[in-house]
Each structure stands twice: as C-alpha cells, then as structure tokens.
Amino acid sequence: MSCDQQSYPFPQVFLVDDGGGPQHSGQQPSLVPCWSFPPAQERARPRSKSRGCMGVSPGVALIVLMLFLLVFVALGFEAYQIRNMQAELSEMRKVSTSVAEFKAPQKQIAHEPEMNREDEKDRPAAHVIGRIETEKFPKTLRWEPQAGRAFTSGGVAYRFEDGALQLNESGLYHVYSRVELIFKDCSPSSSFVHSVFVRRAGGRSSSLTLMEAHRAGFCSQQPGGHAWTTESYLASALRLQKSDRVFVNVSHPLYLSHSHYANFFGLYKI
C-alpha cells in the first residue's frame, strides 16, 4: 500500500543495519505504511452543518426576519395613517358643504335684500290693493296705497281724487290688475267689463285703453238665488310717458268682493 506523495507529502523512512550504515541492496527499500486522513470535503461537512439553513447562520436569519417584521409594521402604520387622513378629509368636506349651504340662505336673505332695498327707492313701481267703499262711486276704482303690501316708490304717485297711478318717468312698464266680483242674483246674461286705461298730460278728457276683458255667461240659472264668484286678470308690458295717469275701470263696481287682496292694481318699470 503506497501513499500519494503529491496529496500527502510525508517523509519516507528507511531501514538501517546494526552497523549504523545504510543497507545497500538491489531491491528498493519498502516504505513504511502510512494512513490517509479524511478528504477535505469530508472534513468540511461538519462545518457546513453548523452554519444553519441554506448556509446562513441563525443569527443572520434572525436579523433578516426582524427587518422584515419592521417593514411590515411600518407599512401597516402608513396604511392606518392614510385611512385616518381620508376619513378626516371626508369629514372636512361634509362640514364645508353644510357651512356653504347654511351661508347661502343668509346671503340671499341678509345681503341681497339690502341691495334691493336701495334699488327700490329709485325704481318706479307701485302696488295698491282694493278698498271697501261706503259710498257709491263711478266705474273708475279707488285703491289703498299704504295698508298691507301696498306701496309706491321711485316717484310714482297715487292720486286719491281719481284713483290713478301717475308716472314721473317715461319708459317701458309692466302694468297689471286683478278684480273679483260676486253676483248674488246671477243669470246666464250676467256680464262685466274690466279695463285699464291711461290719460295723457295733454288731453284731460280723452283716454286711451291699454287692456280690456269682457266676461259673460260665467254662471247658469239655478233655483234658490245661488251666488256666483268670478274674476279677471289683465297684464301687459306697455310703453308709457312721463306724467301719464293710469286707471282701472269695472262695469259693476258694486259687485266687487270685500277681500282687500282679491283686488289689486300695480306697475313697475322694466
């Protein structure tokens, strides 16, 4: 059995005789048997087993695991913060929407009417309501210019002596009038006329009809004296001149209802 001198370079041992000299013979001296050590790979196996799974030591694996845990915890915390921010943002949107809805009516009620009040002082307009008369009066109606919702503004004047609305400014006006009549003894021939007319400053006696309505056959004959109620409404945009006086006529003024707000007359500049 011989040893591989290249892999295991051990010194060779020779036998000597008693005389102390080297023994010379024709044969090659035999080598002392040598024993081989385990291969390098076999010796490395125990070391690789001590390094843990997949060649990584337990300490390094624990550190990596802790880093992964920290990353997951950080991601979870960020997701929680984002969710809270989204909830707060939605709450802020709801609050801002409710505040805007709350402020909008205040704008319409508090600020805009103040501007409108300033405009109303200069804008020609008038609205007068019906008045109960104790004395017999002609077809031209009289009105109440101050009670309730009645008013005059912008230089429009109500004339108590003839029931006219007099203008102090030329322009395009919206003119309207409504009357309500109650007929106690109504017959198929019952009728009435409702008209709005104007008188110019140049002609006192002449008048110009602006609007007119004829109502007839609005009731049928019934026993027991059944009363009938009917109404008429006129409105139009008309071009009027300065100092014009506008009137309302009804053919049967005694049949007017006693409701103040059922009968009215007005105009305003467009």
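For residue 132, the accessible area of its heavy atoms, probed at 1.4 Å with every protein chain present, is near 80 square angstrom. Sorting 174, 194, 260 on solvent-accessible area from highest to lowest, probe radius 1.4 Å, gives 260, 174, 194. At full extension, residue 92 and residue 74 could sit 3.8 nm farther apart than now, given 0.36 nm per residue minus the alpha carbon distance. Against the criterion of solvent-accessible heavy-atom surface with a 1.4 angstrom probe, 251, 259 sort, most first, into 259, 251. Remark: the residue 67-residue 140 segment gains 16.3 nm on full extension, using 0.36 nm per residue and subtracting the alpha carbon distance. Residues 269, 184, 139 ordered from highest to lowest accessible area at a 1.4 Å probe: 184, 139, 269.
Taking a Cβ cut-off of under 14 Å around residue 130, the surrounding Lys, Arg, Asp and Glu residues balance to a net charge of 0, with basic ones at +1 and acidic ones at -1.
The values are calculated or read from the model by the stated rules, or taken from the named source; none is laboratory data. Since the structure is predicted, the reported quantities are computational estimates derived from the model, not experimental observations. Don't worry about glycine lacking a Cβ; one is built from the backbone with ideal geometry, like all the others, and counts go over all protein chains shown. Note: areas computed on protein heavy atoms with side chains; ligands, DNA, RNA excluded. Shrake-Rupley method; radii C 1.70, N 1.55, O 1.52, S 1.80 Å.
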